[in-house]
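The values are calculated or read from the model by the stated rules, or taken from the named source; none is laboratory data. Everything quoted here is computed from the prediction, not taken from an experiment. Using ideal geometry, Cβ is built from the backbone for each residue, glycine included, and neighbour counts are taken over all protein chains shown. When the accessible area is computed, the model is the full protein with side chains, heavy atoms only, and any ligands, DNA or RNA have been set aside. Shrake-Rupley method; radii C 1.70, N 1.55, O 1.52, S 1.80 Å.
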Amino acid sequence: MTVDKKKIEHYPVVLYDGECSMCNTSVQFILRHEKNQLLKFSPLESVDEKFPELSVSTSQLPDAIHFIIDDKVLIESDAIIAISQYLKWPYSMIQYIKIIPKPLRDFAYRAIAKRRRSVQSLFKNSCDLYADFGDRMV
């Protein structure tokens, strides 16, 4: 999926499931371990109103993390690899999983994503990302 670069003002952007505790915990992790505080974040639920230039509705997006960078929308393991490049060491080493074939990476990603709702109780959902990191949310 591509994006009209001239229309998007917020680069790069991590799109996540705002109703998922695991996703919210992941965003908190990224915020704590980010190198330069360049990333912006937005829940998938608000994609239609905030990113009309994607020319795709929320219902058409796969249930996955998305990463908008340059003129591309990356999903699943590709999104994780790209996001990891913005993290401090040793978390930036995640980017080297790209040596694993994409079908295997995405299979592992989907296996975790499929079960995330069933393990939601393991993740705290006490952080209001907009209150705590409002300047990073779009």
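Numbers below:
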read-out	value
Number of positions in the stretch 99-129 that are modelled with pLDDT under 65, part of a helix (DSSP H, G or I) and exposed (fewer than 13 other Cβ atoms within 10 Å of the Cβ)	2
Residues located in the stretch 8-39, provided they are under 13 Å from F67 (Cβ atoms) and open to solvent by 60 Å² or more (accessible area, probe 1.4 Å)	H10, Y11, L38
Single residue of the stretch 62-81 satisfying the filter (assigned to a strand (DSSP E or B) and touching a Phe, Trp or Tyr at 6+ places or on another chain (Cβ under 9 Å)) that is nearest to E45 (Cα to Cα)	H66
Residue in the stretch 25-41 that is under 15 Å from the mean Cα position of the chain (by Cα) and at pLDDT below 70 present	no
